[in-house]
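Let me begin by presenting the structure, written as structure tokens, before commenting on it.
The values are calculated or read from the model by the stated rules, or taken from the named source; none is laboratory data. Note that the structure is a prediction, hence the values are computed from the model and not measured. Cβ sites come from the backbone with ideal geometry, for glycine too, and all protein chains shown count toward neighbours.
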Amino acid sequence: MSDLPDESREPREIAELAELVRRETGSDLPAGRLGVLRDTAERRRRALGLADLEAYVAALAAGSLPGEWQRLATRLTIKESSFFRVPQQWERIRTKVLPELLHARAANRRLRCWSAACAAGEEPGTLALLLADAPALAGWDWSILATDLDVEALAEAGRGLYGERAIAGVPPPLRETWFRRRGSLWELDPRLRARIAYRPLNLARPPWLLPEEAFDLVLLRNVLIYFRPELQRLVVERVADRLAPEGWLFLGGSETLWRVQERLVAVDLGDCFAYRHEGAAPAAPRARGPARTARAANTAKARPADGPDRRPAAAPSPAPAALPVPGPHPPASAREQLAAAVRHLEADRLREAERETEAALALDPADPEAHVLAGLLCDLGGRADGAVAALRAALYLEPGLAQARLFLAGCLRRLGETAHAERQFREVVATLERGGGRRLPLLDGRLLPDLGETLRRARAALQSP
Ligand SMILES: C[S@@+](CC[C@H](N)C(=O)[O-])C[C@H]1O[C@@H](n2cnc3c(N)ncnc32)[C@H](O)[C@@H]1O
């Protein structure tokens with residue numbers, strides 16, 4: 001009935017499953033994520049009608065559950081992303097990397113880019129916006145390969161629909177030109193999506209099926225962090241093999257290749273780093289090794305690289321051709337959308353559940369149950385911080401929600417905030433013992449335990465801290 005994390009020790013099968021996940025996907029799940037792994041495996045076991053977790057893990061290990069790795073990987077990997085995430089990197093790509101590539105590729109006027117862990121397409125979408133907005137690239141043959149382990153995320157990328165939060169970083173002129181409202185979401189212009197090929201690729205499982213042509217720009221952001229050092233080294237080696245001699249590689253804003261490999265060298269772009277082959281056209285002052293890591297670069301005072309810091313007065317981008325705009329969405333109330341989100345979540349359709357929840361929140365941001373559902377989804381997506389924020393929002397709106405408070409306490413405990421967690425568990429017990437506590441009508445007894453079970457769990461958690 002309940003998907004709340006139990007606070008007890010994980011069974012042996014979960015340790016075995018975590019090891020299988022690491023071998024299959026490269027992701028080394030930290031102890032704090034084992035509860036999510038257990039809940040996910042338990043839901044999948046039920047959906048498949050298997051007797052117990054042991055049977056599920058054994059069948060997975062034996063490869064006798066077709067498509068199951070895909071489903072599991074989708075639920076375990078972290079898809080946090082947004083357009084223009086780490087804006088200084090995009091600014092350097094615009095002002096420094098593209099002008100250099102334009103020069104290097106002037107003869108054949110082709111650019112090949114790769115977003116190697118593209119999530120739901122926010123990153124390749126951002127790159128497409130920059131390339132489409134560069135007047136000097138007009139008439140060029142440019143394209144982006146966008147790959148990810150998660151086929152559901154790729155399908156979502158192909159649909160190109162994003163919530164307000166995902167596109168908050170898009171500069172208004174680009175938003176006006178390249179996004180169209182679709183109900184509560186925004187659609188990235190299909191002409192940009194047509195420049196992006198979305199393909200599944202597991203970085204942890206070579207060989208990689210990639211086009212032969214080397215890449216001029218590779219984005220490998222916020223994925224190496226989930227891998228162990230040996231796998232990081234292997235992945236970077238292979239990426240280096242696919243990077244053109246004049247190519248550029250970007251990692252996540254807080255990632256570095258220091259101590260990972262020596263083949264590519266760090267190029268200091270002032271307020272961020274990129275990596276290039278040794279001997280690539282001298283570009284910016286270079287930093288190598290421990291003297292200045294990418295992490296340090298993030299906190300360093302921003303200073304311009306030697307490219308122009310301001311957008312040159314450019315000819316305006318060509319106006320987009322008129323696009324067919326579908327009629328308005330049928331009106332749905334926030335509660336209806338929330339009920340639909342709950343149904344999706346119960347059927348393990350997380351992305352749809354997220355979409356409906358976001359829509360419900362857009363219609364009624366003061367509904368505490370919508371915030372609780374957002375918290376559940378964040379937690380399932382491995383974003384415990386986001387879950388805590390959403391649950392706090394729910395409790396701010398309605399402090400008597402004991403079920404939400406129990407869930408918050410569990411998240412805090414997993415984040416190591418033991419004292420705060422304990423306070424919340426005590427509050428749950430106090431509320432329910434005095435007969436208080438308002439039920440969450442849509443979630444009660446379905447995705448959250450009922451009030452009796454909530455009290456039992458809170459008491460048990462206080463007895464076994
Ligand atoms: C935090 S997101 C990063 C998205 C984007 N690169 C960014 O920085 O905004 C991590 C992505 O890595 C993907 N991923 C995890 N393990 C992977 C693997 N072994 N191969 C390919 N992609 C993987 C996940 O599915 C997820 O979409």
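Scan the range 206-238 for residues that are part of a loop (DSSP other than H, G, I, E, B) and either outside the structural domain of PRO124 (by TED's automatic domain parsing) or in contact (Cβ under 8 Å) with a residue 12 or more places away in the chain (or both) and the total you get is 11. For the range 19-34, the set of residues classified as in a helix (DSSP H, G or I), surrounded by fewer than 19 Cβ atoms within 10 Å (Cβ to Cβ) and either among the acidic types (Asp, Glu) or modelled with pLDDT of 90 or more (or both) consists of GLU19, LEU20, ARG22, ARG23, GLU24, listed by residue number.
Output the number of residues of the range 344-355 satisfying the condition of being under 21 Å from TRP186 (Cβ atoms), under 18 Å from the mean Cα position of the chain (by Cα) and of a type outside the set (Gly, Ala, Ser). Counting residues in the range 344-355 that are under 21 Å from TRP186 (Cβ atoms), under 18 Å from the mean Cα position of the chain (by Cα) and of a type outside the set (Gly, Ala, Ser) gives 5.
Only residues that are buried (at least 20 other Cβ atoms within 10 Å of the Cβ), assigned to a strand (DSSP E or B) and within 13 Å of the ligand (Cβ to nearest atom) were counted in the range 184-205, giving 1. Among the residues making up the range 423-448, those that are farther than 17 Å from ALA370 by Cα and either within 28 Å of the chain's Cα centre (by Cα) or not in a helix (DSSP H, G or I) (or both) are ARG434, GLY435, GLY436, GLY437. Only one of the numbered conditions (1) more than 22 Å from PRO99 (Cβ to Cβ); (2) small (Gly, Ala, Ser); (3) assigned to a strand (DSSP E or B) is violated by SER143, and that is (1). Please determine whether any residue of the range 101-117 is more than 16 Å from the ligand (Cβ to nearest atom), in contact with a strand residue (DSSP E or B) (Cβ under 6 Å, 6 or more places away or on another chain), within 25 Å of ALA214 (Cα to Cα) and in a helix (DSSP H, G or I). Within the range 101-117, one or more residues are more than 16 Å from the ligand (Cβ to nearest atom), in contact with a strand residue (DSSP E or B) (Cβ under 6 Å, 6 or more places away or on another chain), within 25 Å of ALA214 (Cα to Cα) and in a helix (DSSP H, G or I).
LEU65 satisfies every condition listed in (1) more than 9 Å from the ligand (Cβ to nearest atom); (2) in a loop (DSSP other than H, G, I, E, B); (3) within 25 Å of ALA138 (Cα to Cα) except (3).
Flag: ARG71 does not match the condition of being in contact with a Cys (Cβ under 8 Å, 6 or more places away or on another chain) and within 16 Å of the ligand (Cβ to nearest atom). For the condition assigned to a helix (DSSP H, G or I), in the same structural domain as TRP208 (by TED's automatic domain parsing) and over 21 Å from the mean Cα position of the chain (by Cα), ARG43 does not qualify. Each residue in the range 22-40 was checked for being away from the ligand (no atom under 16 Å from the Cβ) and under 29 Å from PRO207 (Cβ atoms), and 0 pass. Do the conditions hold for ARG426, that is, is it without any contact (Cβ under 8 Å) to a residue 12 or more places away in the chain and not β-branched (Val, Ile, Thr)? Against the criterion (without any contact (Cβ under 8 Å) to a residue 12 or more places away in the chain and not β-branched (Val, Ile, Thr)), ARG426 does not qualify.
Does VAL170 count as more than 9 Å from the ligand (Cβ to nearest atom) and over 20 Å from SER254 (Cβ atoms)? Yes: the conditions hold for VAL170.
Whether any residue in the range 224-241 is within 16 Å of the ligand (Cβ to nearest atom), out of contact with any Leu (no Cβ under 7 Å at 6 or more places or on another chain) and of a type in the set (Ser, Thr, Tyr) is what I want to check. Yes, the range 224-241 contains a residue that is within 16 Å of the ligand (Cβ to nearest atom), out of contact with any Leu (no Cβ under 7 Å at 6 or more places or on another chain) and of a type in the set (Ser, Thr, Tyr).
Here PRO87 passes the criteria (1) within 27 Å of ASP28 (Cα to Cα); (2) under 27 Å from the mean Cα position of the chain (by Cα) except the one numbered (1). I'm trying to understand the selection: among the residues of the range 382-422, which are under 23 Å from PRO30 (Cβ atoms), modelled with pLDDT of 80 or more and not in a helix (DSSP H, G or I)? LEU415, GLY416, GLU417 - these are the residues of the range 382-422 that are under 23 Å from PRO30 (Cβ atoms), modelled with pLDDT of 80 or more and not in a helix (DSSP H, G or I). Contact annotation: residue pairs with Cβ atoms under 8 Å, 6 or more positions apart or on different chains, pairing a residue in the range 149-171 that is within 15 Å of ILE196 (Cα to Cα) with a partner that is at pLDDT below 95 and more than 14 Å from the ligand (Cβ to nearest atom), are LEU161/ARG355. With respect to the conditions (1) among the hydrophobic types (A, V, I, L, M, F, W, C); (2) at pLDDT 95 or above; (3) surrounded by fewer than 20 Cβ atoms within 10 Å (Cβ to Cβ), ALA132 falls short on a single one, namely (3). Filtered by the rule that a residue be surrounded by fewer than 17 Cβ atoms within 10 Å (Cβ to Cβ) and either farther than 30 Å from ALA134 by Cα or at pLDDT 95 or above (or both), the range 66-102 gives PRO66, GLY67, GLU68, GLN70, ILE78, PRO99, LEU102. For LEU154, the criteria (1) touching a Leu at 6+ places or on another chain (Cβ under 7 Å); (2) near the ligand (Cβ under 10 Å from one of its atoms) hold in every case but one, which is (1). Anything in the range 87-146 that is among the β-branched types (Val, Ile, Thr) and closer than 12 Å to LEU219 by Cβ? List them, or say none. Within the range 87-146, ILE93, VAL97, THR126, ILE144 meet the criteria.
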